Each structure stands twice: as C-alpha cells, then as structure tokens.
1. Which of the numbered conditions does Asp217 fail, given that it passes all the others? Conditions: (1) in contact with a strand residue (DSSP E or B) (Cβ under 6 Å, 6 or more places away or on another chain); (2) at positive phi.
2. Cβ-Cβ distance below 7 Å, separation of 6 or more or different chains: which pairs start in the stretch 124-151 with a residue that is within 14 Å of the ligand (Cβ to nearest atom) and end on one that is part of a helix (DSSP H, G or I) and open to solvent by 40 Å² or more (accessible area, probe 1.4 Å)?
3. What do you reckon, is Gly53 open to solvent by 70 Å² or more (accessible area, probe 1.4 Å), more than 13 Å from the ligand (Cβ to nearest atom) and more than 23 Å from the chain's Cα centre (by Cα)?
4. Would the stretch 200-208 turn up any residue that is of a type in the set (A, V, I, L, M, F, W, C) and touching a Cys at 6+ places or on another chain (Cβ under 8 Å)?
5. Where in the stretch 66-162 are there strands (runs of 3 or more DSSP E), lying fully within it, with 1 or more residues that are in contact with a Gly (Cβ under 7 Å, 6 or more places away or on another chain) and open to solvent by 30 Å² or more (accessible area, probe 1.4 Å)?
6. Please verify whether Leu203 is in the same structural domain as Leu137 (by TED's automatic domain parsing), surrounded by 13 or more Cβ atoms within 10 Å (Cβ to Cβ) and aliphatic (A, V, I, L, M), treating the condition exactly as stated.
7. Before we move on, is Val222 assigned by TED's automatic domain parsing to the domain that holds Arg51, without any contact (Cβ under 8 Å) to a residue 60 or more places away in the chain and either over 24 Å from Glu27 (Cα atoms) or within 16 Å of the ligand (Cβ to nearest atom) (or both)?
8. Which of the following residues is over 46 Å from the mean Cα position of the chain (by Cα) and not polar (S, T, N, Q): Arg275, Arg247, Arg239?
Amino acid sequence: MPPSLEQIPGWFWPADQRLFDWFLSDERPGDLLELGVYMGKSAVLIGRHLRRGERFTVCDLFESDAPDAANDAETSRSYSTLTRRRFEENYLAFHDALPDVVHGPTSEILAHVKPDSCRFVHVDASHLYAHVREDVLSARTVLGEDGVVVFDDYRSEHTPGVSLAVWEAVANLGLAPICVSTQKLYATWGDAAGYQARLLAWLSTAEDMWHTVDELDARPLVRVNVRKKKAASDVAELRKVAAELKRTSAELKKTAADLRAGGPVVRRALRWTRRIVGRS
Ligand SMILES: C[S@@+](CC[C@H](N)C(=O)[O-])C[C@H]1O[C@@H](n2cnc3c(N)ncnc32)[C@H](O)[C@@H]1O
C-alpha cells in the first residue's frame with residue numbers, strides 16, 4: 001500500500017492541505033520554498049506540485065544548534081526527535097528525489113534562493129518575532145510577481161511573535177491577505193483580489209469545504225475550513241438512541257393510561273380492596 005501523508009508526524013491539517021493543493025495548482029511558473037520542514041509533512045505535499053524546470057528548496061535547523069538561546073529553547077522543547085535523516089527518509093517514501101536542503105537557520109536562505117524566483121513560500125520555522133520578521137522580508141525578496149506566502153501559527157496564543165510579525169507586514173509592508181484557515185494565513189504582495197475571486201469560484205464547487213467572507217479594514221478576507229464529516233458509527237449510535245427513546249416514551253404513555261382513574265390498574269386495586277373488606 002502506498003504511504004499516506006497522515007503517517008508523518010506534524011501539524012498540517014486537512015483544510016490547509018486542500019488550500020495548498022489549490023494555490024500550488026496555479027498555472028504560473030516559479031520555484032517553491034519551505035522554511036521549517038520538521039518531519040516533512042507539508043514538504044511532501046508541496047513537492048507533489050513541483051514542475052519540470054522548477055526548484056524546491058527547504059530550510060531547517062534539523063538536529064543542529066539554533067542561532068540563539070530563545071530559538072534553542074523552542075526547538076529543544078518541540079522538535080527534540082528531529083534529524084535531517086528522518087526528514088529525508090520520510091520525503092523519499094513519497095518522492096524519487098530530495099528537494100534542495102538548506103541545513104541551517106532561515107536567516108541564511110537568501111544565500112541559496114534567488115530574488116523574484118518563487119511562486120510559493122511556506123513560512124513555518126521559528127515562532128519568535130525577530131526570526132519571523134526576517135522570514136517575512138526574505139519571503140518578500142524571493143517571491144515573484146503574484147507569488148503566495150503562507151504563514152503558520154499566525155493566531156495561536158502560544159505564538160504571539162508570529163502574529164506581530166505577520167500583521168505588521170500587513171499594516172506596514174503592503175502584504176495583502178487572501179484567506180485564512182484556523183492555522184494559516186495566505187497572502188501576496190501581488191493581486192490579492194484576483195486570487196480571492198478564483199478562490200471563491202473554486203470554493204463554490206468544493207462540497208467538502210465551507211467559507212465566509214469577513215472584512216479587514218474595508219478589504220475582504222476569505223475564511224476557509226473543511227466541513228466536519230459525521231462518522232458513520234456516530235450516526236448509527238444516534239439512530240439506536242432515538243429508537244430506544246421512542247420505545248421508552250411508548251411504555252411511559254401506556255403506564256400513564258393504566259394509572260389513570262378508571263384505568264385497569266386502578267380497577268384491579270379496587271376489586272382486591274373490596275374482596276379483602278368483604279372477607280373481614
Ligand atoms: C512547526 S515545525 C515545521 C512543521 C512542518 N512545516 C509541517 O507542517 O509538518 C518548525 C520547524 O522549524 C525548524 N526551525 C525552528 N527554528 C528555525 C530556524 N531559526 N531556522 C530554521 N529552521 C528552524 C524546526 O527545527 C522545526 O523542524
């Protein structure tokens with residue numbers, strides 16, 4: 001049986017898998033970049049969209065030391081079992097060749113990826129403000145016209161540095177949000193309205209997805225998620241409970257009728273009482 005993405009540990013949920021597939025299917029050519037790969041869950045999916053003549057670069061510290069103490073604390077806390085070897089083994093279970101691997105901090109990425117070369121960048125490395133702010137600037141440098149950048153953890157309570165760096169880019173650096181999921185924000189320095197129109201057209205046909213259009217300072221912002229599937233076993237269980245309730249309710253009605261004045265239970269009790277009184 002072919003391996004499944006779900007077997008790779010990581011934090012890459014179905015709504016974002018669907019959105020990545022959609023954004024990466026865009027026809028315009030360009031390279032792909034991921035900052036922060038962990039075990040390769042999102043990298044494997046991105047790699048499926050690599051086309052002839054394009055380059056896919058990934059960057060991660062893997063088991064190496066982080067550039068500062070705060071970054072070291074977050075990596076040793078959350079990614080202690082990560083090695084470059086584990087990432088590569090996972091990736092090669094799905095693809096014939098590895099992407100170009102930059103083994104080091106994301107601050108070095110501009111030495112490996114050319115300006116204006118990328119159509120898609122996923123920023124998912126350090127969650128600290130100073131690092132993410134630098135990743136924002138690197139993404140802006142390497143993205144070509146209408147390129148898309150995706151930021152992970154833009155709204156989690158444990159990653160305020162990501163939120164600050166991302167919304168700062170929106171407020172001050174001309175970054176235009178296209179859509180958000182629960183975990184990720186999708187944006188561009190290009191034509192966000194064009195992406196939104198195409199995205200809404202696709203979403204209107206995607207039966208497994210729901211969306212709303214919210215407002216962000218007079219600009220639309222699409223919010224997307226997958227519809228929750230009711231597990232078949234849940235539905236069967238609910239049917240069983242409903243049938244049980246129907247039976248109980250019928251029995252209660254019968255008991256209430258029996259107990260009514262003049263009903264069979266009351267009549268029987270009267271007969272017995274008269275018999276006992278007659279004997280004494
Ligand atoms: C949240 S994980 C990435 C998850 C992955 N994109 C996925 O969806 O499965 C963050 C990764 O960033 C790496 N990382 C943390 N700080 C980094 C830095 N300063 N430079 C490069 N990589 C870093 C960690 O080693 C870890 O593998």
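1. Failing condition for Asp217: (1).
2. Leu128/Ala70; Tyr129/Leu164; Glu134/Ser107; Ser138/Leu110
3. Working: open to solvent by 70 Å² or more (accessible area, probe 1.4 Å): yes; more than 13 Å from the ligand (Cβ to nearest atom): yes; more than 23 Å from the chain's Cα centre (by Cα): yes.
When the stated conditions are applied, Gly53 passes them.
4. First, the residues of the stretch 200-208 that are of a type in the set (A, V, I, L, M, F, W, C): 200-203, 206.
After this cut, where a residue has to be touching a Cys at 6+ places or on another chain (Cβ under 8 Å) as well, the list is none.
The answer is no; no qualifying residue exists.
5. Values: elements: 100-103, 118-123, 143-152.
Filter on the stretch 66-162 gives 143-152.
6. Numbers: in the same structural domain as Leu137 (by TED's automatic domain parsing): yes; surrounded by 13 or more Cβ atoms within 10 Å (Cβ to Cβ): yes; aliphatic (A, V, I, L, M): yes.
When the stated conditions are applied, Leu203 passes them.
7. Values: assigned by TED's automatic domain parsing to the domain that holds Arg51: yes; without any contact (Cβ under 8 Å) to a residue 60 or more places away in the chain: yes; either over 24 Å from Glu27 (Cα atoms) or within 16 Å of the ligand (Cβ to nearest atom) (or both): no.
No.
8. Working: Arg247 fails: over 46 Å from the mean Cα position of the chain (by Cα); Arg239 fails: over 46 Å from the mean Cα position of the chain (by Cα).
Of Arg275, Arg247, Arg239, the one residue that is over 46 Å from the mean Cα position of the chain (by Cα) and not polar (S, T, N, Q) is Arg275.
The values are calculated or read from the model by the stated rules, or taken from the named source; none is laboratory data. Everything numeric in this text was worked out from a predicted model, so none of it was measured. Here the Cβ is made from the backbone with ideal geometry for all residues, glycine too, and neighbour counts use every protein chain on show. Only protein heavy atoms, including side chains, enter the accessible area calculation; ligands, DNA and RNA are left aside. Shrake-Rupley method; radii C 1.70, N 1.55, O 1.52, S 1.80 Å.
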